[in-house]
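Some notes on the structure that comes next.
The values are calculated or read from the model by the stated rules, or taken from the named source; none is laboratory data. It should be emphasised that the depicted structure is a prediction, and the values quoted were computed from it without experimental measurement. Cβ: placed from backbone, ideal geometry, glycine included. Neighbour counts: every protein chain shown.
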Amino acid sequence: MLLEGYTVTSGYGYRIDPFGGGQDVFHPGIDLVNEHKAPIYAFAGGTVVFAGLGKTGSGLGGYGNVVLIKDLNGHGHLYAHLDSVVVTTGAQVSKGQMIGRQGATGQVTGSHLHYEIRRETSPSYGWTSDKSASTIDPIAYLKLLDEEAKTTENIPIHVMKYEVKKETSGYVTAADAKAGKNKKTTVKPGIYLVYKTSGGMINVTTKNGTPGSWINPYSVVVEGDFKVGQKVKIKSKAKKYSRSTVSIPSKYKNKSYTIQQVGNDDVLIKELYSWVKKEDLLAVLSEKIL
Ligand SMILES: [Zn+2]
C-alpha cells in the first residue's frame, strides 16, 4: 500500500488555515501521522538535495528538520517537521530507505510528517509564492510513479549485441540510414547494444548509452561464429545459395531460421535445408532483457 502505516490527516489543496484566521489557505502537501519518532521511509528514490534544519529564507523555512530528495523527473520530495534525519545532503536514497523520524520541528501543531512534491529543486529548493503551481498532489504523483514502475517492469526492452568490425557510416535518423544520405557520424569498431529497430535500420549505442547512431544492418557483423541451433535471418541482399546456382527467392529473405549444420564458409538452415553463405546471414542473437 502506498502510504501504509500512516493516517492522512490533511490533504493537498485548499483548507481552513490551521493557525487561525478562518480563511482558506493552500496546503502544498499532505500530512501523515504515524507514531511520534516512527521511522520514515522514502516513498521514492533519488538524490538528497538537502537534509537538516530548513533555514528561514532558504525555501525550507518553517519546515523544521527536512529531507528533500530530487527524483529522476527532477521533482523534489520534501519530508518535513522530522524529529531527526539519518541521511546527508548529496546521498543517493532508494525507495523504502529510512531517511529520518517523524517529529514536530518547525511550524506545527503536533507530531506529523508533512510530505510535499515540488516541481523543481532549484533555486530556493523549488519554493515559489505560488504554491499551487509549484507543487504537485503527492498521492496522485506517487500513484503515477507506481504505474510507471509497473509499466517499465512489464515491457521488456529487447537488446541485441552486435560487433561493428570496421568504422562504418552512422546517421542521425533511421530515415537517413535507410536512404544512405545526410551522413552525420561514424560508428567506431566495437561491441554495441542494439535497442531499437526502425524500418530495418538499427540503432547502436555503447554500454554507456552514447553515442547512439542509426546504421544499416549490413554494416555490422555479429560477434563470434555461427552455431548449430542459432537463429539467423537471410539478408535481403543475399543472392544465391552457397552450393547451387539457384537464386534465393525473396520470400525466404528477412525471415528467421535455425542453423542445422555449419560448414567452412556456409551454414545449413534447418527450415530451408539449404546451404547459405555466412555473409548473407544476419544472426539473431538471443535477446536479452535489460
Ligand atoms: Zn502539512
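Per-residue answers, yes or no, for (1) of a type outside the set (S, T, N, Q); (2) at pLDDT 95 or above; (3) in contact with a strand residue (DSSP E or B) (Cβ under 6 Å, 6 or more places away or on another chain); (4) more than 11 Å from the ligand (Cβ to nearest atom):
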site: Ser10; (1), (2), (3), (4): no, no, yes, no
site: Tyr14; (1), (2), (3), (4): yes, no, yes, yes
site: Gly21; (1), (2), (3), (4): yes, no, no, yes
site: His27; (1), (2), (3), (4): yes, no, yes, no
site: His36; (1), (2), (3), (4): yes, yes, no, yes
Item to complete: For region 58-101, name all the residues that are surrounded by fewer than 20 Cβ atoms within 10 Å (Cβ to Cβ) and among the basic types (Lys, Arg).
Response: Lys95
Worksheet item: Where residues in region 44-54 are at pLDDT below 95 and in a loop (DSSP other than H, G, I, E, B), which of them is surrounded by the fewest Cβ atoms within 10 Å (Cβ to Cβ)?
Response: Gly45
Practice prompt. Give the residues of region 61-102 that are within 16 Å of the ligand (Cβ to nearest atom), in a loop (DSSP other than H, G, I, E, B) and not charged (D, E, K, R), sorted by residue number.
Written response: Gly61, Gly62, Tyr63, Gly64, Gln102
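I'd like to check something: does region 104-120 contain any residue that is away from the ligand (no atom under 16 Å from the Cβ) and in the same structural domain as Thr135 (by TED's automatic domain parsing)? Before the answer, list the steps.
Going through region 104-120, the residues away from the ligand (no atom under 16 Å from the Cβ) turn out to be 119-120.
Retained after the next criterion (residues that are in the same structural domain as Thr135 (by TED's automatic domain parsing)): 119-120.
Yes: region 104-120 contains one or more residues that are away from the ligand (no atom under 16 Å from the Cβ) and in the same structural domain as Thr135 (by TED's automatic domain parsing).
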Fill in: Pair list, Cβ under 6 Å, 6 or more apart: region 116-131 residue modelled with pLDDT under 95, other residue surrounded by fewer than 15 Cβ atoms within 10 Å (Cβ to Cβ)
Lys131/Phe26
